[in-house]
Amino acid sequence: MTNFKERLTGIDTFIFDMDGVLSYQTIPMIAGGIPGRTVNVRDGYAIQLALRRDYNIAVISGGYCDGYIKRLEGLGVVDIYMRSSSKREQFNHFLAKCSAQKDSVLYMGDDIPDYGVMKMAGVAACPADADSEIKAISDYISDKRGGEGCVRDVIEQVLRLHGKWMNDDEAHSW
């Protein structure tokens, strides 16, 4: 059995849950009872850099947020699956679309709806404040909480291992 860092060398695809991973687990309600979400700028930097470095990125969420979709699209993410009732189905659709293998996927989730799809991914990761069942099946538990840089944490680790984090001037731009 290889260790976590060795398994990261084969990662070329990232899939993230939204609520509890890309945003905080506690979501404030804004006008009209619509949940508001907070984004992490450093997560955003890492996402757009990974895309520019030709990594595949998708977001699969049971939730929905127009504002967050705009944010992701602004970063260059085109594979956004919202209101997902079957994350496994979207996972398989995305892999077929980008011709990726399950072993090359790092999936980061935080709660029970992520359980099944995390078991399918090559590397399962979660934020520090994930549910205990999710922590139990994770290959890596970030020291960062959801919405507080856990996405940047895993992307940065993979890009550093591949020599693609700070290797040229492109990394210093947005």
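The values are calculated or read from the model by the stated rules, or taken from the named source; none is laboratory data. Everything quoted here is computed from the prediction, not taken from an experiment. Heads up, the Cβs are rebuilt from the backbone with ideal geometry, glycines too, and the neighbour counts pull from every protein chain shown.
One table, with the values for the structure above:
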read-out: Restricting the range 1-52 to residues that are in contact with a strand residue (DSSP E or B) (Cβ under 7 Å, 6 or more places away or on another chain), at pLDDT 85 or above and of a type in the set (D, E, K, R), the residue that is nearest to Asp139 (Cα to Cα); value: Arg7
read-out: Residue ID - farthest from Phe91 (Cα to Cα), chosen from residues in the range 134-174 that are modelled with pLDDT of 95 or more and exposed (fewer than 13 other Cβ atoms within 10 Å of the Cβ); value: Asp143
read-out: Complete set of residues in the range 53-82 that are closer than 11 Å to Met18 by Cα and in a loop (DSSP other than H, G, I, E, B); value: Ser61, Gly62, Gly63, Tyr64, Cys65, Met82
read-out: Tally, over the range 69-112, of residues that are small (Gly, Ala, Ser), closer than 20 Å to Ile134 by Cβ and surrounded by 17 or more Cβ atoms within 10 Å (Cβ to Cβ); value: 2
read-out: Unique residue being surrounded by 19 or more Cβ atoms within 10 Å (Cβ to Cβ), at pLDDT 95 or above and within 22 Å of Ile11 (Cα to Cα) when the list is Tyr55, Tyr115; value: Tyr55
read-out: Where Arg83 falls short, out of the listed (1) at pLDDT 90 or above; (2) at negative phi; value: (2)
